[in-house]
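Beneath this line is the structure, given in structure tokens, with notes to follow.
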Amino acid sequence: MNLAVLGAQWGDEGKGKIVDLLTPHFKIVARYQGGHNAGHTVIINGTKYVLHLIPSGILHPGKSCVIGNGVVVDLQALKREIEDLRNGGISCEGRLFVSNRAHVILDYHRAVEALDERRRGEQKIGTTNRGIGPAYEDKMARRGLRICDLLHDDDLKQLLADNLRQKAPMLTGDHHTSLEEVYRHTRALGRELSPYFVDAAQLLNQAIDEGKRVLFEGAQGTLLDVDYGTYPFVTASNATAGGACTGTGVGPTRIDGVVGIAKAYTTRVGEGPFPTELTGELGEEIRKRGQEYGASTGRPRRCGWFDAVVVRYARLINNLGTLVITKLDVLDSLKDISICTGYRYRGELLKSFPPEIRVLEQCLPEYESVHGWNQKTAGLQEFAQLPQLAQDYVQRLSDLVQAEISVVSTGPDRRETIVTSPAGKLNSWLSLHH
Ligand code: GDP
Ligand code: IMO
Ligand code: MG
């Protein structure tokens, strides 16, 4: 079984925790898109790790990790992450593999992004300012610099010269970049990191031929996908299931299932529409209880009710076989909880998720209110231990999304996890039940 694990909302659903939980069942964990805009938190026996570029599977000794061609790689960020892991006693040597077809993020991408956000003014995206978007722009414009170019001095210099020339009108004043400097710096980093560079598609397909299991790790979430998200308030890559194929070079029929992750409520970082957002005290309470501050940028996350329209849409786009609900414990103290069951636009209930931001902004969420359980679920490990009202809530989400819920997470630690039913899909795929 090769599975993809991805976010069913606007990111930060708890992918890091769930990938870590599932890793023992796989030999390889492969990231397929995004870059160091991601922040995946894993807590193991009280020790916290935040991964940005390297798959969360790296924390398990003996597992290999792949950064696929669909990822954009900031060499400095990669080096830093490898060093941070090494300082924590985790070695990447011989088990981290970076695709030689992945594109490289350079300093000038960040400069271009800052200027672009400033130019947009009120309409800014609220990006993580890591150069992600401009690096993907260069990829699509067919002038990008790839990992494989780093080790050919003449090609590297030529590509950098061409890119600097193309960006010259933007890179004035403080943003001026000297070719010699960027060339020397990039070349040195390329040499240093070269032991990690491989043909990752070859490696992954060969591993699958040999019967080794691969877990595909998504970054961001379905609603941040450049095609299916709330465009233009999205990231610049395909976070949805299709990205797992194009972003690693593994064909679709080699992936056996897709696991979606959603919080028991909703969060979003950055700008863009968010129909169930709670801007008042309640939103603040959820933010506080859920520690909803960006793992990459530290920005406060916007919080709101669970939106079944969003997760149902994510089920459709990714063909989610099963759903993981995280952060149930964050709702422990609420008296009443609302769930969005549909969107009303100009009086009509919408049948599908609207592509236009203008429409989405005018949608009125239809809510259903349920009683909160007002009891501690934090840390529970058995479904039967959950208060009846919490069980009912999980069941209601499952009914509304029309997806089975196989795991409920009740805390950030690996152990704070419930596998809901031995008959569940994930369990039949992986024999998870203890
Ligand atoms: P990711 O980007 O999808 O990997 O998610 P993040 O790591 O950015 O954000 C999820 C946050 O919620 C992290 O701080 C996790 O430690 C935390 N977390 C994950 N699952 C749970 C849970 O079930 N309960 C609580 N309270 N926190 C959780
Ligand atoms: P993980 O993997 C939440 C958001 C940014 C911004 C938009 C575009 O931890 O779930 P970008 O820098 O990607 O061009 O920004 O996407 N964003 C995320 N939000 N979690 C993430 O990653 C995100 N990565 C990007 O806030 O709104
Ligand atoms: Mg995150």
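Assorted remarks:
- Modelled this way, with points 7 Å down the Cα-to-C-beta line, the labels at residue 281 and residue 348 are 4.0 nm from one another.
- The phi-based Karplus calculation (6.51 cos²θ - 1.76 cosθ + 1.60; θ = phi - 60°) puts the 3J(HN,Hα) values of the stretch 13-27 at 6, x, 4, x, 4, 6, 4, 4, 5, 8, 3, x, 8, 10, 9 Hz, whole numbers, x for Gly and Pro.
- Degrees between helix 153-167 axis and first principal axis of the chain (Cα, 0 to 90, nearest 10): 70 degrees
- Against the chain, whose longest principal axis comes from its Cα atoms, helix 179-193 is set at around 60 degrees.
- In summary, the lysines within cross-link reach of residue 351, defined as a Cα separation below 29 angstrom excluding same-chain residues under 8 places away, comprise 15, 263, 327, 425.
- Spatially, the stretch 215-270 and the stretch 121-180 are offset by 25 Å when compared through their Cα centroids.
- Accessible surface of residue 176 - all protein chains present, 1.4 Å probe, nearest 10 Å²: 130 Å²
- Sequence-distant aspartates and glutamates (8 or more away, or on other chains) whose Cα lies within less than 17 Å of residue 376: 285, 329, 332, 336, 392, 413, 416
- The ellipsoid equivalent to the alpha-carbon distribution of the chain has semi-axes of 36, 26, 19 angstrom, derived from the gyration tensor eigenvalues as √(5λ) and listed largest first.
- Residue 80 accessible area, assembled protein chains, probe 1.4 Å, Å²: 130 Å²
- Binned Cα-Cα distances of the stretch 65-181, short to long, each 5 Å bin given as a whole percent: 2, 10, 18, 22, 19, 14, 9, 5, 1, 0
- Accessible area, probe 1.4 Å, largest first, for residues 245, 65: 245, 65
- Surface share of carbon and sulfur [accessible, 1.4 angstrom probe, percent] for the stretch 227-317: 49 percent
- Overall, the accessible surface of the stretch 369-434 at a probe of 1.4 angstrom is composed of carbon and sulfur to the extent of 49 percent.
- Cα-derived Rg to Rh of the stretch 172-230, Kirkwood definition: 1.19
- The GNM of the chain, with springs linking C-alpha atoms under 10 angstrom apart, assigns the highest mean-square fluctuation among 251, 272, 347 to 347.
- In this structure residue 124 has an accessible area near 80 Å², from a 1.4 Å probe over the protein heavy atoms.
- The residues of the stretch 119-211 have, on average, 58 Å² of accessible surface per residue, using a 1.4 Å probe with all protein chains present.
- Volume in Å³ per residue [convex hull over Cα atoms, computed for the stretch 200-328]: 121 Å³
- Built amide H within the under 5 Å cut-off of residue 36, gap 5+: 74
- Extent along principal axes [Cα atoms of the stretch 312-370; Å; largest to smallest]: 35, 30, 16
- Residues of the stretch 15-115: accessible area per residue with a 1.4 Å probe, Å²: 30 Å²
- Accessible-area composition of the stretch 1-158, carbon plus sulfur, in percent [1.4 Å probe]: 45 percent
- Near the amide H of residue 322, within less than 5 Å, lie the amide hydrogens of 258, 260, all on another chain or at least 5 residues away, with H placed in the peptide plane.
- Spacing of the two label points (7 Å from each Cα toward its C-beta) at residue 414 and residue 116, in nm: 3.8 nm
- Cα-based equivalent ellipsoid, the stretch 20-109: semi-axes from gyration tensor eigenvalues, Å: 21, 15, 12
- Principal-axis tilt of helix 107-120 within the chain, Cα atoms, nearest 10 degrees: 60 degrees
- q = 0.26 Å⁻¹, the stretch 205-270: log10 I(q)/I(0) [Debye, one scatterer per Cα]: -1.17
- Anisotropy class of the stretch 131-249 from Cα gyration tensor, a/c 1.5 cut: oblate
- Per residue, the stretch 278-377 exposes 50 Å² of accessible surface when a 1.4 Å probe is rolled over the protein heavy atoms with every protein chain present.
- If you bin all the Cα-Cα distances of the stretch 258-393 at 10 Å, starting from zero, the percentages per bin are 11, 39, 38, 12, 1.
- Cα centroid separation, the stretch 25-89 to the stretch 369-389 (Å): 32 Å
The values are calculated or read from the model by the stated rules, or taken from the named source; none is laboratory data. Note that the structure is a prediction, hence the values are computed from the model and not measured. Note: ideal-geometry Cβ built from the backbone for every residue, glycine included; neighbour counts use all protein chains shown. SASA here: full protein model, heavy atoms, side chains in, ligands and nucleic acids out. Shrake-Rupley method; radii C 1.70, N 1.55, O 1.52, S 1.80 Å.
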